[in-house]
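**Q** Please read through the structure below; I'll follow up with questions.
The values are calculated or read from the model by the stated rules, or taken from the named source; none is laboratory data. Everything quoted here is computed from the prediction, not taken from an experiment. Here Cβ is always computed from backbone atoms with ideal geometry, including for glycine, and neighbour counts include all displayed protein chains.
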Amino acid sequence: MRRLAPYQTGLWLAEYMDMRCQLCRIYRSTPQSQLLHHQTQFRLDNITNVPPTRTALKQHSFLTDIIHQANSYLSSGLLCDHCHNDITWLPRPFEVDIAPSISLSIQASTYYEYPIRQAIRAFKHQEDMTKLPLLLHAIRQLPRPHGCHRNNSVIVAMPTTVQRLAKRGFDPVSILSAQLSKHWQIPVWQGIERIDDTVSQQGLSRAERLSNLDNAFALIEKPPTKRLLLFDDVSTTGASLQALARAFIPPAAVKSATASSHSSYQISAYVLAHGSKS
Ligand SMILES: [Zn+2]
């Protein structure tokens, strides 16, 4: 049996055993399948449209999707209706340019403001795992990109530096991306590393951030799929995701006016929260 990290047990208890809302701790939580009725219905329609007998691989994918659906119905939910409705979900995606004719669309699950902001800070800086259920609820608001599945897409989590990992002792983004992977049923791919030693992008101007981020990422191996779903916890200007996306585009194409014809990857980005970190 796979060993579970302590936070996974906490998540499981919050989701299946604790009937209370993980935010207000007053009202009974509502199953996410009910809060997200339209999305769930969409996914069920998708599953029904895929002929499960096409290949063994697809059949496997079909069955795991069904199990995943069943689990989501067994879940007692993480937030109550009131708390869920108090938070603005899915702000309009924003775009940053990654080459002259390629832009990167960044979809956030919500804004970086109360209560998500406090939860992210406590989780990242104090390793407060009790905030994870709320963050998981937020991650599940992100709509799985159309047409993406385990066989044609990978999630690329924003890599951290060895120095930062050593200092912090854990990597919050990889924990969050593992949850997104479980939710979307799309694997995380870790073939890119962060080679800069930028302690923080906080307090820098946009120009400073960009020059800092140039050459900050290095590919260790070629991505296994054409569709890359970048993921980070918080995005303010989109500069980090922009730099990460650029690492997948040949340097010549970044300068070329016809870059889209040189880029063989379809890249989109997702974040937990969009907003100012200050
Ligand atoms: Zn509540």
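**Q** For the range 214-236: of the residues being part of a loop (DSSP other than H, G, I, E, B) and buried (at least 17 other Cβ atoms within 10 Å of the Cβ), which is farthest from the chain's Cα centre (by Cα)?
**A** Looking at the filtered set, the residue picked out is Ala216.
**Q** A follow-up question, please. What pairs can you find where one residue is in the range 204-218 and within 14 Å of Gln242 (Cα to Cα), the other is among the β-branched types (Val, Ile, Thr) and modelled with pLDDT under 70, and their Cβ atoms are less than 8 Å apart, with a gap of 6+ or different chains?
**A** Matching pairs, first to second residue: Asn212/Thr198; Leu213/Thr198; Ala216/Thr198.
**Q** What helices (runs of 4 or more DSSP H) completely inside the range 1-51 contain at least 2 residues that are farther than 26 Å from Gly147 by Cα, at pLDDT 60 or above and more than 13 Å from the ligand (Cβ to nearest atom)?
**A** The helices (runs of 4 or more DSSP H) meeting that bar are 6-12.
**Q** Next question, about the same structure. May I ask you to list the residues in the range 145-167 that are within 21 Å of Ile120 (Cα to Cα) and in contact (Cβ under 8 Å) with a residue 24 or more places away in the chain?
**A** Ile155, Val156, Ala157, Met158, Pro159, Thr160, Thr161, Gln163, Arg164
**Q** Need pairs with beta-carbon distance below 6 Å; first residue more than 15 Å from Leu134 (Cβ to Cβ) and within the range 8-23, second within 16 Å of the ligand (Cβ to nearest atom) and of a type in the set (Lys, Arg); sequence gap 6+ or separate chains.
**A** Within 6 Å, the pairs are Met19/Arg28.
**Q** While we're looking at this one, here's another question. All but one of (1) assigned to a loop (DSSP other than H, G, I, E, B); (2) surrounded by 15 or more Cβ atoms within 10 Å (Cβ to Cβ) hold for Arg92; which doesn't?
**A** (2)
**Q** For the range 85-115, which residues satisfy the criterion of being closer than 19 Å to Arg144 by Cβ and within 16 Å of the ligand (Cβ to nearest atom)?
**A** Those that are closer than 19 Å to Arg144 by Cβ and within 16 Å of the ligand (Cβ to nearest atom): Trp89, Thr110.
**Q** Only residues that are among the aromatic types (Phe, Trp, Tyr) and either assigned to a strand (DSSP E or B) or touching a residue at least 60 places away in the same chain (Cβ under 8 Å) (or both): list them for the range 95-144, please.
**A** Looking only at the range 95-144, we keep the residues that are among the aromatic types (Phe, Trp, Tyr), and these are 111-112, 114, 123.
If the condition is that a residue be among the aromatic types (Phe, Trp, Tyr) and either assigned to a strand (DSSP E or B) or touching a residue at least 60 places away in the same chain (Cβ under 8 Å) (or both), then Tyr111, Tyr112 are the ones that fit.
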